Amino acid sequence: MRLFRRNPSGRAFAGPPTCLGSLIWNNQTMLAQAKPEPPAKAPSRPRRVVQRFPGRRHPRRGRRRGRPRDANALHPSQASPVRRDETAAMSSVREHYDNHLGPVYAWMVGGETSALARGDAEIGALDVAPRGGGIAVDLGAGFGMHAIALAERGFDVVAVDACSVLLDRLERLGQGRRIRIVRDDMQSFVDHLPGAPELVMCLGDTLTHLPDDSDVEALIEEIAGVMEPGGRFIATFRDYSQRLDGTRRFIPVRSDMDRNMTCFLEYSESHVLVHDILSERRGAEWATRVGAYRKLRLAPARFRSMLIARGFSVEQSSEPAGMVRFSSRLDHPGNPE
Ligand SMILES: C[S@@+](CC[C@H](N)C(=O)[O-])C[C@H]1O[C@@H](n2cnc3c(N)ncnc32)[C@H](O)[C@@H]1O
């Protein structure tokens, strides 16, 4: 079943498929709850729209399991016993970010200041500037490393993310800029647009958080349906289509004197289960938490053909650490190949 809604220009379009049977998002409930927002008017501080999510508590969350507390206060790299607070129960993406990644995300990406500088350089290299209505959308905006850079270049930014911890940070960092902060599933972004966007971004491996290829396809369809003709859609994601094996599945993320983060990847046909192993110094001892969530093994060739099928012309490039970048332009709106 598909839900039919109207985009800001009044055209009817098909929303994302519902009832996917996915463990990750309950789209149907969220679409039913979503309410259109009035146009944004040059706010002096970022506006905040909060979309409530259906409560889906993982049956194992909150249960304390594993080894008893250990008094040894050694760095995890010393292979000593550590306190284990949580086992690797698979959680939804939102739960995983709210409880596990959100609080340490800025640290994971090298700290707030350097991440913002990197985001700014990345946006600078893309040569984007308001040329039409000036609306830019950042899907999976996190704490705003790209949204803030877009606002500084004169865009009216709609920053959508599901994680309140990261959006709180964006609210603080984005003070005084034209950013509408929306807490909702990015698949519902059209419900929060003040007008047709000329730029949509989905950077930093966010697309692979969607449950399925069909959700990516539906998102592209929505973007093409609401975007200004000639508008740009820029996405980066990690190519998980090639399996890593053995010890190559352990990915060190970051480590310092107080924290260590390592990922472990477990592959299935269409997804990779990402186990995030986080050890933190707690006074005289170390605590380790493990959380896991599914990411999509989105094949770049498949993504490319989805874009072309919706009327985008596409430039593709490889980035470090297995990332791919797609910079696409809506050259044939409503008249795809
Ligand atoms: C890997 S982070 C990338 C953040 C940011 N774009 C960057 O480049 O640093 C993925 C972000 O997407 C958000 N996210 C994942 N799935 C989402 C969804 N379906 N709807 C809204 N946000 C989502 C997460 O909360 C997180 O902030």
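If R0 is 30 Å, the Cβ-Cβ spacing of residue 266 and residue 129 corresponds to a FRET efficiency of close to 0.10.
Simple spin-label estimate for residue 152 and residue 331 gives 3.2 nm between the two label positions (7 Å along the Cα-to-Cβ direction from each Cα). Taking other C-beta atoms within 10 Å as the exposure proxy, 271, 209 rank 271, 209 from fewest upward.
By the count of other C-beta atoms within 10 Å, a proxy for reagent exposure, 198, 319 are ordered fewest to most as 319, 198. Sorted on the mean count of surrounding Cβ atoms within 10 Å across their residues, most packed first, peptides 257-266, 184-193, 128-137 read 184-193, 128-137, 257-266. When 139, 167 are arranged by Cβ crowding within 10 Å, least crowded first, meaning fewest neighbours, the order is 139, 167.
Every number in this text was worked out from the coordinates using simple rules, so none of it is lab data. Not measured: the values here are computed from a predicted model. Don't worry about glycine lacking a Cβ; one is built from the backbone with ideal geometry, like all the others, and counts go over all protein chains shown.
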